[in-house]
Ligand SMILES: C[S@@+](CC[C@H](N)C(=O)[O-])C[C@H]1O[C@@H](n2cnc3c(N)ncnc32)[C@H](O)[C@@H]1O
């Protein structure tokens, strides 16, 4: 790689970062919904969305220049394929939350700089609402479309359709996985656990809005100090690498399993060993690790904080240390996550 090529790469990244923030403007201000299915001038958009006309014109032109909006004779519209990605929160191609994720990362970067100097952690709560919603929005489509339809059928011996079946969802965040499970199995009860108070409050609201609050309950606490059980299945989605005591969490999960029960983990799909340069998804995960997962886990205390890059051999070793005799990697295709079935 030459200096020119690297400079070009950096410029591309800056363009991408700046455009991501302009996308967040469109989301926050309701500009995209206003432009869905209709052509608007700057004056019409300003009126419809309640924003300043001059700003609206600059944003419209910038969005068209960035090939996000379509433009014709001073009018602009949101193409259907872009609308699907930016606005359809439960659709399989939704990625609008990436813009909020970017905002959350940027806002916390000064705190991360300070953390590098002091070695202190930054609590998940301090990462705030944009980060929480960024993660939740990113993962929700997978829970809605794949969890019950593709992932669970790949788990040998797990039958959640029997009356009285129970699931424990550790590190449940704002509850989309717990809710998706309850929706898929009408007699299932789910208990979600998360350390973050704001996530739990939001999870309760989400369950009520989804009409499953009678079967889906949430409790704030550390996944390592569980007491109640038994559960047919314990799930941990993109959260094990964030926990300060992952082996203790897996041992606690094992201790609350009903006879024949098992643990289902989804965590990052990264290479088995450190490779540099890495693939694009591992690069993204590493950046998240530096900016978020490592500082957030350090804030939980404990000796070792792992970070986002949880490789399969490490996870399987943790599972064995926690007492599982038959931890296995599952053959479930997914760009971001690898799946594990812990039994025995
Ligand atoms: C990346 S988020 C994933 C949230 C959710 N599972 C999802 O997929 O959208 C990680 C979650 O783990 C939670 N967490 C971290 N450490 C925890 C612990 N020790 N006990 C319980 N939850 C924890 C965080 O509060 C956060 O909600």
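The values are calculated or read from the model by the stated rules, or taken from the named source; none is laboratory data. As the structure is a prediction and not an experimental result, all values here were calculated from the model. Neighbour counts run over all protein chains shown; Cβ positions are idealised from the backbone, glycine included.
Among the residues of the range 253-265, is any part of a helix (DSSP H, G or I) and near the ligand (Cβ under 10 Å from one of its atoms)? No - not one qualifying residue is present in the range 253-265. For the range 37-75, filtering for residues that are under 17 Å from residue 85 (Cβ atoms) and crowded, with 17+ Cβ neighbours inside 10 Å leaves 3. Taken over the range 312-331, the residue count meeting the criterion of being buried (at least 19 other Cβ atoms within 10 Å of the Cβ) and assigned to a loop (DSSP other than H, G, I, E, B) is 3. Scanning the range 132-163 for residues that are part of a loop (DSSP other than H, G, I, E, B) and surrounded by 17 or more Cβ atoms within 10 Å (Cβ to Cβ) yields 155, 158, 160. As a summary of the residue check, residue 84 satisfies the conditions (1) surrounded by fewer than 13 Cβ atoms within 10 Å (Cβ to Cβ); (2) free of Cβ contacts under 8 Å to residues at least 40 places away in the same chain except for the one numbered (1). Kindly evaluate residue 103 against the criterion of being in contact with a helix residue (DSSP H, G or I) (Cβ under 7 Å, 6 or more places away or on another chain) and loosely packed, with under 15 Cβ neighbours inside 10 Å. Spelling it out, it is not the case that residue 103 is in contact with a helix residue (DSSP H, G or I) (Cβ under 7 Å, 6 or more places away or on another chain) and loosely packed, with under 15 Cβ neighbours inside 10 Å.
In this structure, residue 183 does satisfy being out of contact with any strand residue (DSSP E or B) (no Cβ under 8 Å at 6 or more places or on another chain), away from the ligand (no atom under 12 Å from the Cβ) and not in a loop (DSSP other than H, G, I, E, B). Can you find, within the range 207-241, the residue that is surrounded by the most Cβ atoms within 10 Å (Cβ to Cβ) among those that are part of a helix (DSSP H, G or I) and more than 11 Å from the ligand (Cβ to nearest atom)? Residue satisfying both the conditions and the ranking: 207.
Per the conditions (1) buried (at least 20 other Cβ atoms within 10 Å of the Cβ); (2) closer than 24 Å to residue 292 by Cβ, the sole criterion not satisfied by residue 182 is (2). Among the numbered conditions (1) buried (at least 19 other Cβ atoms within 10 Å of the Cβ); (2) near the ligand (Cβ under 10 Å from one of its atoms); (3) touching a residue at least 40 places away in the same chain (Cβ under 8 Å), the only one that residue 192 does not meet is (3).
Please enumerate the residues belonging to the range 291-314 that are touching a residue at least 12 places away in the same chain (Cβ under 8 Å) and away from the ligand (no atom under 15 Å from the Cβ). Answer for the range 291-314, where residues must be touching a residue at least 12 places away in the same chain (Cβ under 8 Å) and away from the ligand (no atom under 15 Å from the Cβ): 311, 312, 313.
Taking the range 134-174 as the range and being within 19 Å of residue 219 (Cα to Cα) and within 10 Å of the ligand (Cβ to nearest atom) as the test, the residues that pass are 136, 169, 170, 171, 172, 173, 174. Among the residues making up the range 147-159, those that are modelled with pLDDT of 95 or more and touching a helix residue (DSSP H, G or I) at 6+ places or on another chain (Cβ under 9 Å) are 147, 148, 149, 151, 152.
Taken together, 70, 90, 77 contain a single residue that is over 30 Å from residue 277 (Cβ atoms) and at pLDDT below 95, which is 90.
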